[in-house]
Amino acid sequence: MNYINHSIKDLRQLGIDKHEEYINGSPFPNIVIDNFFDEGLLDKVADEFPDLSKQKDIKVYDNQNEKKLEAKGEKHFSETGRLLAHYLNSQPVLEFLQELTGIKETLMPDPYFNGGGYHEIKPGGLLKVHADFNKHEFTRLDRRINLLVYLNKDWEESFGGHFELWNRDMTKSVKKVLPVFNRIAIFSTTDFSYHGHPDALTCPPDRSRKSLALYYYTNGRPKSEISDKVHATLFKDRAGLKDDTIKEPVTLKDVIRDLVPPILFKAAKRILKKGQD
């Protein structure tokens, strides 16, 4: 099966060729590449993408910071979607990303698709500007790269849904990316890589913003990329907008995660779940 556009002869070499563009991306290392995948393959992925609002066992976010739908793991992947997602966790893609980003530590995929996988935003939905959680929930590895695959055919500028990259002081959206079909966005995830889709989606009621998200990890990272501790998603107010976001409450789960080793954290999760049954 062809996964990558036929014009890309050597994926690892593409990473080498695009390295300077990536590391010099503003406001933090990033790159946007169009027509990355074989169009026939991605057509199938897009056509088979389920309406997540009609599925069971999905994550529904509906608050001031985020209004979106997220599949859990690969449960709702179509067969073609599963093949693509597994390919994006494979050796050729990891080598491409290693060359592209210049990250020295060995990159590892996330077979759990923790927080990743299928994402869908309906009209009126959004995802305020934020920095991502910095540790994997299960493995406790360090989150280093996001790769987003957009699946939206005939997507017009007026529909909105731009992926935005913001500067550190939150005064400016430095880059806006329209989430059009067969476009990928890759960027380095640190405690200061602020990004999001902060304005409500204005597409027609029969449309939605669909994407496939892949995250990549390392065991350890440069101290300059993190602020102080393990954290969940950090939402940030845009300058000049009062109460742009709300502060999410600290849960018992967050406290346990900060205080105990991974193996004990997993055991505590099981105990807490059993107590809720």
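A short reminder: the numbers here are calculations on the coordinates, not readings from a lab. Predicted model, so just to flag it, every value in this text is computed and none were measured. Reconstructed Cβ throughout: ideal geometry from the backbone, glycine too, with neighbour counts over all protein chains shown.
Numbers at a glance
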read-out: Built amide H within the under 5 Å cut-off of Asn134, gap 5+; value: His231
read-out: Student exercise, the chain dipole from Lys, Arg, Asp, Glu Cβ charges, in Debye to nearest 20; value: 1040
read-out: Rel. contact order, % - alpha carbon contacts under 8 angstrom, at least six apart, region 1-52; value: 44
read-out: Two-site label geometry, Thr233 and Gln55: point separation in nm, points 7 Å out along Cα→Cβ; value: 1.7
read-out: Spin-label proximity, Asp191 to region 210-244 - amide N less than 20 Å from point 7 Å beyond Cα toward beta carbon; value: 216-238
read-out: Packing-based exposure ordering (other Cβ within 10 Å, fewest first) of Leu234, Leu97; value: Leu234, Leu97
read-out: Per-selection Rg to Rh, region 72-154 - Cα, Kirkwood hydrodynamic radius; value: 0.96
read-out: Burial ordering of Val174, Val32, Val60, fewest other beta-carbon atoms within 10 Å first; value: Val60, Val174, Val32
read-out: P(r), alpha carbons of the chain - 10 Å bins starting at zero, rounded %; value: 6, 28, 38, 23, 5, 0
read-out: Net lengthening on full extension, Asn35/Thr202 (0.36 nm per residue, minus Cα-Cα); value: 57.6 nm
read-out: Per-residue HN-Hα couplings for region 114-127 [Karplus 6.51, -1.76, 1.60; θ = phi - 60°; Hz; x = Gly/Pro]; value: 5, x, x, x, 6, 10, 9, 10, 8, x, x, x, 6, 8
read-out: Likely footprinting exposure, Arg82, Arg144, fewest C-beta neighbours within 10 Å first; value: Arg82, Arg144
read-out: Simple spin-label estimate for Phe138 and Ser224 in nanometres, 7 Å along Cα-Cβ; value: 3.4
read-out: P(r) of region 1-118 over all Cα-Cα pairs, binned every 5 Å from zero, in whole percent; value: 2, 10, 16, 19, 19, 17, 12, 5, 1
read-out: Cα→Cβ-extended label distance, 7 Å offset, between Gln64 and Ser90, nm; value: 4.6
